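The values are calculated or read from the model by the stated rules, or taken from the named source; none is laboratory data. Being a predicted model, the structure only gives us computed values, none of them experimental. Cβ: placed from backbone, ideal geometry, glycine included. Neighbour counts: every protein chain shown.
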């Protein structure tokens, strides 16, 4: 047969770094909030090797829901919204990290802990801040697209 092969261009959605961040971190924060709801709030603690991984408090649970819904919602709202939300989340989590390191007992009490904020939380807050700030500010410079 003398027919030429017709090529069909498939256009699958391709998300940039900021929307990928929004999808992954939005789902992660919602998953943590769901886990907290399943395990129940009220001071229960999830520890691994003596390190506090998750302490269940109502304040923490509310924050995880708010962050998760806002970040995941920004994925569906589009790239510019995801970039703005990533920037805001990044800046807020930098401040939370600084507070967690500088005034541990006060930050712990604000988040519903009976004492200082566990060190594992500072690590998670710092990683969240770094990922959000990279997605919101640096991804375009590093890779030419957000």
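Listed values, structure above:
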read-out: First in segment 50-64 and exposed (fewer than 14 other Cβ atoms within 10 Å of the Cβ), second anywhere and assigned to a strand (DSSP E or B) and at pLDDT below 85, Cβ under 7 Å, 6 or more apart; value: 53/46; 53/47
read-out: Test: residue in segment 33-42 that is outside any loop (DSSP other than H, G, I, E, B), free of Cβ contacts under 8 Å to residues at least 12 places away in the same chain, exposed (fewer than 14 other Cβ atoms within 10 Å of the Cβ) and in contact with a helix residue (DSSP H, G or I) (Cβ under 9 Å, 6 or more places away or on another chain); value: no
read-out: Test result for residue 120, at pLDDT below 85 and in contact with a strand residue (DSSP E or B) (Cβ under 8 Å, 6 or more places away or on another chain); value: yes
read-out: Selection count where residues are part of a helix (DSSP H, G or I) and either in contact (Cβ under 8 Å) with a residue 60 or more places away in the chain or buried (at least 20 other Cβ atoms within 10 Å of the Cβ) (or both), scope segment 109-126; value: 4
